[in-house]
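Report on one structure; see the data block that follows.
The values are calculated or read from the model by the stated rules, or taken from the named source; none is laboratory data. Everything quoted here is computed from the prediction, not taken from an experiment. When we count neighbours, we look across all protein chains shown, and the Cβ atoms used for this are built from the backbone with ideal geometry, even at glycine.
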């Protein structure tokens, strides 16, 4: 199977248009464009019944205490954890791609609608649900 992203390259920074948050000189961080990238796939293995797309980040700080805080630095030796940014399931095999912004075109405070989504797909709960737990403005189901 081949998977292609037309908006940024492997092992390169994600442009702000597609990131949930971006650096900000005054506020440390501000909300990014949070668009899903344009993705396409081909050469599915024989017998494939449906596809799953998982956006997995293996090195998120295990404690958010120092993240984006004035005068604080996330320690380099702080253990990192897995963080799931996006889960899309039940992608039909006749679907060959996703357009930029088709599933996400901005940050939705308190989370996205769902789980049902376009084309019979379903979006799973991601780790922003836990990240924003207890935040009066952002808590919700992501």
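Identify all residues within the stretch 35-60 that are outside any strand (DSSP E or B), in contact with a strand residue (DSSP E or B) (Cβ under 6 Å, 6 or more places away or on another chain) and either exposed (fewer than 12 other Cβ atoms within 10 Å of the Cβ) or without any contact (Cβ under 8 Å) to a residue 40 or more places away in the chain (or both); write none if there are none.
43
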- Item | Residues (under 22 Å from residue 52 (Cβ atoms) and assigned to a loop (DSSP other than H, G, I, E, B)) located in the stretch 109-137 | 112, 113, 114, 115, 117, 121, 124, 125, 126, 127
- Note on the structure: The residue that is surrounded by the most Cβ atoms within 10 Å (Cβ to Cβ), considering only those in the stretch 91-115 that are touching a strand residue (DSSP E or B) at 6+ places or on another chain (Cβ under 6 Å) and farther than 20 Å from residue 38 by Cβ, is 111
- Message: Yes or no: the stretch 4-21 includes at least one residue that is more than 30 Å from residue 119 (Cβ to Cβ) and either in a strand (DSSP E or B) or at pLDDT 95 or above (or both).
- Response: no
- Odd one out for residue 89, checked against (1) touching a residue at least 12 places away in the same chain (Cβ under 8 Å); (2) part of a helix (DSSP H, G or I): (2)
